[in-house]
Amino acid sequence: MPTENLRVGTIIAVAALALALGAGLWFGSRTGASPEADPSVGVSYPTTPATIVVHVSGAVNRPGLVTVAVSARVADAVAGAGGAAAGADLGSLNLAAEVRDGDQITVPHVGAAVQPGIAAEERGIDLNRATPGELESLPGVGPVLAGRIAAYRDLHGPFVAVEDLLDVGGIGEAKLATMRDAIAAP
């Protein structure tokens with residue numbers, strides 16, 4: 001009799017397992033593709049545009065507006081304008097400098113008077129590219145507030161206007177007024 005009870009228990013357990021497995025397969029096939037096969041599951045979409053537009057003029061083959069990647073350098077913008085024209089003085093440019101949306105890059109001709117570019121320090125801190133450490137150089141911004149600014153940008157996307165900083169906890173009108181001159185317009 002104990003052997004018969006063991007046999008009945010095993011049969012019941014196997015039947016229950018088969019039933020559960022069959023039900024899982026049936027319900028899984030009715031809902032469509034499994035989550036692993038759904039390409040939208042787990043995909044994060046960028047909140048910032050992948051390209052920017054800069055104006056390239058001077059000694060290039062196709063001067064005008066050029067669309068480049070967000071992480072582009074001056075060299076990329078010049079290449080996007082058809083490359084340097086004959087007689088271009090590329091030595092007077094910092095080809096490794098990062099470009100920002102709306103920048104104008106003028107490639108001078110050899111022997112032409114070089115107009116000084118706007119240094120990054122003169123433009124101010126770029127809220128959309130600055131690291132928390134760089135944000136700390138803003139007046140009245142310490143490590144905690146710099147972290148809040150970076151976290152806000154990561155969560156909500158790029159700042160569109162300097163006034164968007166008012167949405168960051170710890171920044172009011174008075175604090176923004178002290179910071180404004182040190183910030184590059186987004």
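The values are calculated or read from the model by the stated rules, or taken from the named source; none is laboratory data. Values in this document were obtained by computation on a predicted structure and should not be read as measured data. Positions of Cβ are generated from backbone atoms using ideal geometry, with glycine treated the same way; all protein chains shown enter the neighbour counts.
Does the range 123-138 include one or more residues that are modelled with pLDDT under 85, within 27 Å of VAL56 (Cβ to Cβ), outside any loop (DSSP other than H, G, I, E, B) and basic (Lys, Arg)? Yes - at least one qualifying residue is present in the range 123-138. Entry remark, the range 147-170: residues being closer than 21 Å to ARG100 by Cα and surrounded by 14 or more Cβ atoms within 10 Å (Cβ to Cβ) number 10 in total. Could you give every pair whose Cβ atoms fall below 8 Å, whose first residue belongs to the range 161-176 and is closer than 12 Å to LEU145 by Cα and assigned by TED's automatic domain parsing to the domain that holds GLY140, and whose second residue is of a type in the set (Gly, Ala, Ser) and surrounded by 13 or more Cβ atoms within 10 Å (Cβ to Cβ), counting only separations of at least 6 or pairs across chains? Within 8 Å, the pairs are LYS175/GLY140.
Filtering the range 51-68 to residues that are part of a strand (DSSP E or B) and without any contact (Cβ under 8 Å) to a residue 40 or more places away in the chain leaves THR51, GLY64, LEU65, VAL66, THR67, VAL68. Remark: pairs (first residue in the range 139-152, assigned by TED's automatic domain parsing to the domain that holds VAL168; second residue loosely packed, with under 14 Cβ neighbours inside 10 Å and assigned to a loop (DSSP other than H, G, I, E, B); Cβ separation under 8 Å; 6+ apart in sequence or on different chains) = VAL144/GLY170; LEU145/GLY170; ARG148/GLY169; ARG148/GLY170; ALA150/THR131.
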